[in-house]
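Structure, as structure tokens:
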Amino acid sequence: MSYRNPIPTVDIIIELADRPERPIILIERKNPPYGWAIPGGFVDYGESVEAAAKREAQEETSLEVELIEQFHVYSDPQRDARQHTISITFIASALGSPKAADDAKNLSIFPLWEIPKNLCFDHDQILKHYHYYRNYGFRPNFIGS
């Protein structure tokens, strides 16, 4: 009997703390699926999700981040068309000028009111939840859904 398990991933909403409106960084993906995405990636075997979040943020944006909090877990089996993934999403803070690296084709800094429409995966939903959390202090609650 073989088992198939979801693959753990991390997504990191990186706030630039040295800018007045605390904009966030999005990357333009070099590999399919193409489009804009929250920085993140797969958790390596033997790696904590916190270490994976810091590593992925540095690999894709060239910035060292401080993890502020674990925001939410997203686990819809349809969130990634390639395979079933579970994303542990963090809010992080960074200083400086990010540079696209690793599998990021490009990156840009966006205030929350100017987020692009062509987001990959379920990142539009994640950023809507984040926007609501930042403006009203409420986290998403999927218990019982």
Looking at F90, F71, F121, which one is surrounded by 14 or more Cβ atoms within 10 Å (Cβ to Cβ), aromatic (F, W, Y), assigned to a loop (DSSP other than H, G, I, E, B) and at pLDDT 95 or above?
-> F121
Only one of (1) of a type in the set (V, I, T); (2) modelled with pLDDT of 95 or more; (3) loosely packed, with under 14 Cβ neighbours inside 10 Å does not apply to I143, and that is (2)
For H84, all conditions in the list (1) within 19 Å of N5 (Cβ to Cβ); (2) over 12 Å from the mean Cα position of the chain (by Cα); (3) surrounded by 17 or more Cβ atoms within 10 Å (Cβ to Cβ); (4) of a type outside the set (A, V, I, L, M) hold save one; what is the number of the exception?
-> (3)
Could you pull out the residue among E21, E64, E28, E60 that is modelled with pLDDT of 95 or more, within 19 Å of F110 (Cα to Cα) and exposed (fewer than 14 other Cβ atoms within 10 Å of the Cβ)?
-> E64
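The values are calculated or read from the model by the stated rules, or taken from the named source; none is laboratory data. Because the structure is a prediction, the values reported are computed rather than measured. A quick note on method: Cβ atoms are made from the backbone with ideal geometry, for glycine too, and the neighbour counts reach across all protein chains shown.
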